[in-house]
Every structure is written in structure tokens, then in C-alpha cells.
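Below is one structure, written out as C-alpha cells, with a few remarks after it.
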Amino acid sequence: MSNDMTLRGVEPSGEEELVRRARLGDEQAFSALVRGHQNDVFTLANRLLGNRDLAADVAQESFIRAWKAMPNFRGDAKFSTWMHRITVNTSWTWRERANRKATYTLDDEFDIADEHQLTPELAGERAELRSLIGAHMAALPTSLRAVIVLKDVYGWSHQEVADELGITVSAAKVRLHRARARLRRVLGEKS
Amino acid sequence: MRVLHHMAQRAMPSFVDVEARGKLKDHIDSCISCQAEASRYRSLSRIIGSFSSEVYEPPFDLVPGVMASLDRPYHEAKRRVKAGAAAGAAVAVAGAVVIARLARRRAA
């Protein structure tokens with residue numbers, strides 16, 4: 001994964017020590033890790049789900065899952081990379097859970113309807129092109145958004161995206177293609 | 001020419017990652033419309049990539065919420081299991097030593 005999340009304000013060696021202590025059940029050390037990574041975990045969840053409230057729940061559950069799995073964390077990957085994977089996994093669980101409930105519908109129909117409300121004329125009046133694309137990205141169907149977020153924002157490989165989302169590499173490429181094509185429409189004839 | 005143009009336009013979203021090859025590349029190199037389209041996709045890619053520097057502020061109660069929800073007995077249970085396993089292993093080793101000594105005595 002090319003995108004690198006590092007614990008803000010703590011040296012890598014300091015983070016290693018925190019991880020070592022957290023693995024032994026040191027809550028203070030784990031709390032420091034949560035504080036250091038909360039922005040990144042929440043940001044990833046928010047980008048994947050396009051919903052702040054859900055992202056907060058997912059971030060919380062991701063850290064709780066991490067705590068439970070700490071004794072098994074061998075340190076082969078960075079803690080940040082490990083948290084990324086847990087967050088993607090948790091987001092997917094929550095997405096399926098939310099789709100089963102009536103209160104949140106993160107299915108494609110809802111997302112497409114949402115996307116259509118964001119016409120370039122309406123959004124363009126109050127935002128720059130960048131925020132317009134960000135808004136359309138947030139309104140993409142979750143299955144497309146997850147792929148473009150992990151590949152184009154976080155720099156994951158097709159293989160990593162496929163593995164983490166439980167899809168084939170071909171499916172990951174097709175979804176990425178579709179997501180880019182949809183966002184391309186936002187640009188119109190601008191370059 | 002028209003077929004190539006159509007194919008190039010359809011494949012354009014993937015050309016951000018993979019360079020067009022062969023006849024498609026030849027077409028794009030000579031087609032102003034396709035070059036403009038490729039340029040739009042590159043712009044789009046740059047804009048999307050720039051989101052990596054954006055950070056969303058989590059709710060202020062995220063950390064306390066996490067810490068209040070930790071399954072404390074989990075680690076304690078793990079430690080107990082580890083201690084139990086270590087004690088079990090010690091007993092097994094001691095047992096093996098005793099059996100080995102008895103066997104030696106019998107042999108003598």
C-alpha cells in the first residue's frame with residue numbers, strides 16, 4: 001500500500017513500543033494508538049461509507065476489533081496498514097448490516113438517486129470542481145466508491161482491493177472503470 | 001477509424017493506469033478529441049488523488065467511546081490461558097522426567 005498513515009507526533013519506534021505494550025493488554029498504550037490513528041480510521045470509513053454517523057460507528061468498532069486482535073498482531077505489517085484492513089472489513093460488515101435495515105439504505109438505487117440530485121449546475125454554484133467531484137464520489141454506489149477510494153485515493157493495488165473487498169481482480173478493475181467514467185461526467189467538457 | 005475512436009473512448013478510464021498500446025495508441029496520438037479526453041481523465045485522477053491529503057475530523061467522543069467499550073476481560077482471559085498453558089507444559093516436562101528416571105531405574 002503506497003499510502004502511508006503514521007502516528008502523528010509519535011516516532012515510529014514510539015509506536016512500536018505502544019503496540020508492544022498494547023499487545024500485552026496495556027490500555028493506556030492502546031488509547032495512545034487510538035488517539036494517533038482516529039483521524040485516519042474515521043476518514044477512511046467516511047470515504048468508504050459516505051456517511052458520517054456510520055463512519056463514527058465503524059471507526060469505534062474497528063478499534064474495538066483491533067483491541068481484541070492485538071495479541072495476534074505480529075507486526076509483519078505496520079499498525080496503520082493493519083488498521084486500514086480492519087476498517088475496510090468493518091465498513092463492509094456495517095454496509096451489509098445497514099442495507100438490511102430500513103433506516104439506512106446504502107444500496108445502489110439509493111446512491112444513484114442521490115447522485116442525480118447533485119447536478120453540476122446546482123453544485124457548481126456553491127463549490128469548486130474539486131468539491132464537486134468529492135460530492136459525486138460520496139454519492140457513488142458503495143461498491144464503486146470503495147474501489148475508487150482504495151485504488152485512487154489510498155493507492156492500493158488491484159489485487160489488494162480485490163482481496164479486501166472479496167471480489168476478483170477483474171471485478172475490481174471493472175468497478176474502477178465505471179466509477180471513473182461516472183466521475184468523468186462531472187467534468188463535462190472542461191479539462 | 002470510427003471503430004477505433006469508439007474503442008479508445010470506451011477504454012479511456014483505464015488508460016490512467018495502463019498506457020494504450022498498438023492501434024489504439026496510434027489513434028489517440030493522432031486524435032485531438034481522444035487526447036482531450038485522456039487529459040480530462042488525468043485531471044480527474046489528479047483531483048481524486050489529492051483527496052488523500054484531506055482528513056475528516058472524527059467526533060470528539062470517539063476515543064472515550066472506544067476505551068469505554070473495550071472488552072477488558074479478554075486480555076485477562078488470554079493471559080490466564082497463557083499462564084495455564086505454561087503451567088501445563090511445566091507439569092508435562094516434570095512428568096516426562098519422572099517417567100524417564102523410573103524407566104532408567106527399571107532398566108538398571
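Read-outs throughout are calculated quantities, based only on the coordinates presented, and are distinct from any laboratory measurement. On a predicted model such as this, the values are computed, not experimentally measured, just so you know. Here the Cβ is made from the backbone with ideal geometry for all residues, glycine too, and neighbour counts use every protein chain on show.
Once C-alpha pairs closer than 8 Å and six or more residues apart are averaged by separation and normalised to the residue number of chain B, the relative contact order reads 20 percent. Partner shielding of A:71-78 amounts to 1, given as the average count of beta-carbon atoms from other chains within 10 Å of each residue beta-carbon.
For the stretch A:161-174, putting each phi into the Karplus relation 6.51 cos²θ - 1.76 cosθ + 1.60 with θ = phi - 60° gives couplings of 4, 4, 4, 6, 8, x, 10, 7, 4, 4, 5, 4, 5, 5 Hz, in residue order, rounded to whole numbers and with x for Gly and Pro.
Determine, from the Cβ-Cβ distance of B:Tyr56 and B:Ser30 and an R0 of 30 Å, the FRET efficiency 1/(1 + (r/R0)^6), rounded to the nearest 0.05.
Using R0 = 30 Å, I get an efficiency of 0.10.
Convert 37 °C to kelvin, take the viscosity as 0.692 mPa s, use the Kirkwood radius over C-alpha pairs of chain B as Rh, and evaluate the Stokes-Einstein diffusion coefficient in µm²/s, rounded to a whole number. The Stokes-Einstein estimate is 153 µm²/s. How large is Rg over Rh for the stretch B:2-49, taking Rg from the Cα atoms and Rh as the Kirkwood inverse mean of 1/r across Cα pairs? On the Cα set of the stretch B:2-49, Rg over Rh gives 0.96. Taken along the Cα-to-beta-carbon direction at a fixed 7 Å, the label points for B:Ser14 and A:Asp76 span 3.1 nm.
Over the stretch B:2-49, calculate the relative contact order: mean separation of alpha carbon pairs under 8 Å at least 6 apart, over the residue count, as a percent.
Numbers: 26 pairs, mean separation 21.5, N = 48.
Dividing the mean separation by the residue count of the stretch B:2-49 yields 45 percent.
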